[in-house]
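Inspection log for the structure reproduced underneath, given as structure tokens.
Taken together, the values in this text are just the output of simple stated rules run on the coordinates, not laboratory data. Quick caveat, the model's predicted, so the values are computed rather than measured. Cβ sites come from the backbone with ideal geometry, for glycine too, and all protein chains shown count toward neighbours.
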Amino acid sequence: MTPIDGSSAIPNNVGLDDASPLAKTLARFKTDYMKWWRECGPQGFDAAQCYLRMPVAADARGWASYEYVKLADFRWGVFQAERAPDKPALFGRLAGRPKLDEVPADYRSTVIKLLTTQADTEPASVEQITYLGRMAPSNYDLRNLFQINCEEGRHLWAMVHLLCAHFGKDGEREIEGLLQRRSGSAEKPRILNAFNHPIEEFLSFLFWSTLADRDGKYQLLSMSESAFDPLARTCKFMLFEEAHHMFVGDDGLRRVIQRTAELMLEHDTDDVAPHGGINLSTIQRYLNYWAPPVIDLFGSEMSQWSEDLFDAGLKGRVYEAERYSEHVRLDETIDLERAVNGAAGEPRLAGERVPMRKAINEVARDTYLREIDGVIDRWNRMLAKMEIKFAFARPSKRFNRKIGAYKDFFFTPDGRRVTREEFEAGMKSWVPSEAEKAHVRALMQPVHAPGKIAGWIAPPARGIDGKPVPYEYVRL
Ligand SMILES: [Fe+2]
Ligand SMILES: [Fe+2]
């Protein structure tokens with residue numbers, strides 16, 4: 001196990017020498033980062049002592065320990081999973097050859113763009129939830145919100161370190177922008193559109209953690225077997241942290257749905273809004289709202305950029321080692337739809353069979369959607385067990401897309417093609433109405449006292465780190 005040097009100015013396990021130019025660059029970054037954190041991190045909780053897990057080692061088991069800290073004192077730093085010295089590169093034209101400690105000159109600008117785009121999502125997701133502490137439904141949920149906040153901040157550190165350590169001045173130039181862009185800003189928005197969507201209810205935060213943090217997992221997985229070994233090990237460590245983010249979303253939504261179902265049975269009605277709950281149909285509409293921008297994050301179906309990154313051994317497919325036996329040519333085909341010009345020049349969709357290397361984004365998206373289907377299946381099984389006749393449905397990947405083959409067409413949530421007029425009329429009932437949003441927002445009152453819980457969500461089954469559910473996770 002590689003222990004983490006907590007005595008260094010920047011906590012790390014990458015052998016950072018405090019006197020080195022790199023350490024000095026990171027120390028300057030820390031000053032700017034803390035300024036950004038005070039402005040964009042959780043507002044109103046500076047004095048709170050929060051029971052957070054913080055990195056202590058690089059091993060998947062026992063990588064973190066829990067302690068009470070103020071949020072501003074979180075152990076932000078640079079951590080990488082352990083080196084696997086004998087493992088050669090897995091895929092692309094480097095397959096079977098030694099892994100790289102530096103990026104070949106031809107790919108420097110490509111990898112800088114890859115790292116900058118990943119880095120930009122991390123502070124964005126802190127900015128999206130700056131005020132959500134004020135509507136956390138329990139002390140336990142408040143703690144989980146802060147854990148995610150701090151770790152997203154640390155993920156920025158992980159990417160900034162790679163940019164500075166391996167790309168010199170070219171990498172350093174990107175750093176300023178990472179702290180200057182703002183989620184949702186008209187002048188300087190975040191790079192990826194989904195990260196500019198404001199998250200205004202705790203319910204939306206739970207959807208975000210289920211959908212977007214899971215997209216994050218897929219991005220990290222696809223880089224965790226990179227031939228550029230520092231990137232691979234950085235992403236492996238981030239994956240330790242990411243699992244909890246998805247748990248917060250998955251289990252949070254399960255608890256919301258459980259509470260709604262309990263209220264339905266108790267009051268013998270589908271409409272639990274008057275009883276302080278969130279109707280299942282409203283929850284479905286929030287799913288319809290949040291899924292398309294996250295599905296867009298995987299990019300266009302066919303992508304030369306992804307093919308090049310794969311060929312260079314830099315970014316692979318998710319579960320590259322576990323699920324695939326051929327890692328170089330990717331001749332195996334997949335079926336997808338493309339927008340083509342019809343006879344009269346009007347665009348239409350046509351099925352096409354393409355080699356997998358041309359459609360790496362689509363392969364990742366389909367794998368991701370199957371995992372989301374598994375999450376929704378679990379909700380539906382819980383409802384069936386409670387004898388409630390309602391089934392959630394994941395919106396089709398055709399629905400309301402802004403990127404890729406479907407963006408110029410109109411579809412219903414179940415993937416049926418409709419006219420623009422039908423789509424615009426349908427959207428009124430497919431995504432939350434103003435009245436529904438107002439109801440949800442009215443429910444999002446803070447409940448911070450240990451052991452208490454808001455009426456719209458069921459308590460968790462167990463606490464954090466073996467502590468009881470009513471534990472005082474955040475001392476206010
Ligand atoms: Fe992250
Ligand atoms: Fe995350």
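Output the direction-averaged projected area (hull surface divided by four) of the convex hull of the alpha-carbon atoms of region 137-262, in nm².
Average of the hull's projected areas for region 137-262 equals 8.9 nm².
What aspartates and glutamates could a cross-link reach from residue 467, if we take a straight Cα to Cα line under 15 Å and drop same-chain neighbours fewer than 8 places away?
Cα-Cα hits under 15 Å: 67, 141.
In the chain, if the dipole is taken from +1 on Lys/Arg beta carbons and -1 on Asp/Glu beta carbons about the Cα centre, which of 114, 51, 184 is farthest to the positive end?
In the chain, that residue is 51.
Quick one, what does Rg over Rh come out to for region 394-476 if you take C-alpha atoms and the Kirkwood Rh?
Result for region 394-476 is an Rg/Rh of 1.22.
Hey, got the dipole for region 362-476? About the Cα centre, +1 on K and R Cβ, -1 on D and E Cβ, debye to the nearest 20?
With only Lys, Arg, Asp and Glu charged at Cβ, the dipole is about 120 debye.
For every other residue with a beta carbon closer than 13 angstrom to the beta carbon of residue 168, add +1 if it is Lys or Arg and -1 if Asp or Glu, then tell me the sum.
Its environment carries a net charge of -1.
Let me make sure I get this right: for region 40-154, a, b and c are the square roots of the gyration tensor eigenvalues over alpha carbons, sorted descending. Under 1.5 in a/c it's rounded, otherwise prolate if a/b > b/c, else oblate. Which is it?
Prolate.
Region 264-338 to region 68-115: how many Å between their Cα centroids?
Their Cα centres are 25 Å away from one another.
By how many nm would the segment from residue 381 to residue 73 grow when fully extended, if each residue of separation counts as 0.36 nm and the alpha-carbon distance is taken off?
Length difference between fully extended and current span is 106.7 nm.
Residue 405: net charge of surrounding residues, Cβ under 9 Å, Lys/Arg +1, Asp/Glu -1, itself excluded?
Around residue 405, the charge tally is +1.
Determine, from the Cβ-Cβ distance of residue 28 and residue 188 and an R0 of 25 Å, the FRET efficiency 1/(1 + (r/R0)^6), rounded to the nearest 0.05.
0.75
Take the residue pairs 30/188; 24/87; 389/437; 385/452; 397/437 and return only those whose Cα atoms are more than 30 Å apart.
The pairs that break the limit, which is 30 Å between Cα atoms, are 24/87.
With the contact rule set at Cα under 8 Å and sequence spacing of 6 or more, what percent relative contact order holds for the chain?
19 percent
Using only Cα atoms, figure out Rg for region 164-236 and give it as a multiple of 2.2 N^0.38 Å.
My calculation over the Cα atoms of region 164-236 gives 1.35.
Quick one: if you stick a label point 7 Å off each Cα along the C-beta vector at residue 176 and residue 333, how many nm between them?
Going by the 7 Å Cα→Cβ label model, 5.1 nm.
I want to check the label-to-label distance for residue 19 and residue 420. Put each point 7 Å from Cα in the C-beta direction and report it in nm to one decimal.
6.8 nm
Grab the other residues whose beta carbon is less than 15 angstrom from that of residue 38, score K and R as +1, D and E as -1, and report the net.
Taking every other residue near residue 38 into account, the sum is -1.
Quick one: grab the alpha carbon gyration tensor of region 1-46, order the square roots of its eigenvalues as a ≥ b ≥ c, and give me rounded if a/c is under 1.5, else prolate or oblate depending on whether a/b is larger than b/c.
The shape class here is oblate.
Given the rule -39500 (n - 2.57) for each run of at least 4 DSSP H residues, summed and divided by the residues of the chain, what is its mean residue ellipticity at 222 nm, to the nearest 500 deg cm²/dmol?
-16000 deg cm²/dmol
How much length is gained on full extension from residue 435 to residue 262, taking 0.36 nm per residue of separation minus their Cα-Cα distance?
Going from the current span to full extension adds 60.0 nm.
So the label point goes 7 Å from the Cα of residue 367 along Cα→C-beta, right? Which residues of region 206-231 then have their backbone N under 15 Å from it?
Of the residues in region 206-231, 214-227 have backbone N under 15 Å from the label point off residue 367.
Hey, how many Å between the Cα centroid of region 155-190 and the Cα centroid of region 413-476?
Centre-to-centre (Cα) distance: 31 Å.
Largest first and to the nearest Å, give the Cα extent of the chain along each principal axis.
Each principal axis gives a Cα extent; for the chain these are 66, 65, 43 Å.
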